[in-house]
Amino acid sequence: MPRLNRVKSKVYEPPSPEMVDAVMAAADPHVRPAVALAAYAGLRAGEVRGLRWCDVNLDTDLLFVRQAITCGRVVAQILNHLSGGEGIRTPG
């Protein structure tokens with residue numbers, strides 16, 4: 001059996017608070033909520049696009065990521081019973 005090449009894992013450093021502030025300041029006002037969700041909740045772009053109001057609970061400050069949208073199509077649906085139904089606690 002042929003040996004597989006070893007893949008180096010990529011470790012990404014999260015942006016610094018100063019970098020997030022700079023991006024937020026430079027972003028168009030209608031894009032800032034998406035940038036904030038990506039930066040502070042750790043969401044990917046497709047997950048941000050997939051959010052619906054039913055995924056946001058302002059009373060408990062919880063955000064549920066249930067789907068991702070790429071190229072205008074739902075590409076991933078995350079079922080609550082698979083993820084334990086846990087939400088992301090938002091700063092409140």
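On the protein heavy atoms, probe 1.4 angstrom, tell me the percent of accessible surface of region 13-68 carried by carbon and sulfur. Write down the numbers at each step before the final one.
Values: 2300 of 3730 Å².
With neighbouring chains kept in place, the figure for region 13-68 is 62 percent.
Can you tell me how region 6-78 classifies by the Cα gyration tensor, rounded, prolate or oblate, using a/c under 1.5 as the rounded cut? Could the numbers behind the result be given before it?
On the way: a/c = 1.62, a/b = 1.08, b/c = 1.49.
Oblate, because a/c is 1.5 or more while a/b does not exceed b/c.
Suppose the chain between residue 57 and residue 30 were pulled fully straight at 0.36 nm per residue; how much longer would it get relative to their current alpha carbon spacing? Kindly include the intermediate steps, with their values, before the conclusion.
Numbers: separation 27, 0.36 × 27 = 9.72 nm, distance 2.10 nm.
Here the segment from residue 57 to residue 30 would lengthen by 7.6 nm.
For residue 71, put the label point 7 Å out on the Cα→Cβ axis and report which residues of region 21-54 keep their amide N under 19 Å from it.
Label zone hits: 45-50.
The values are calculated or read from the model by the stated rules, or taken from the named source; none is laboratory data. A quick note: this is a predicted structure, and the numbers were derived from the prediction, not measured. FYI the Cβ positions are ideal-geometry reconstructions off the backbone, even for glycines, and counts take in every protein chain you see. Only protein heavy atoms, including side chains, enter the accessible area calculation; ligands, DNA and RNA are left aside. Shrake-Rupley method; radii C 1.70, N 1.55, O 1.52, S 1.80 Å.
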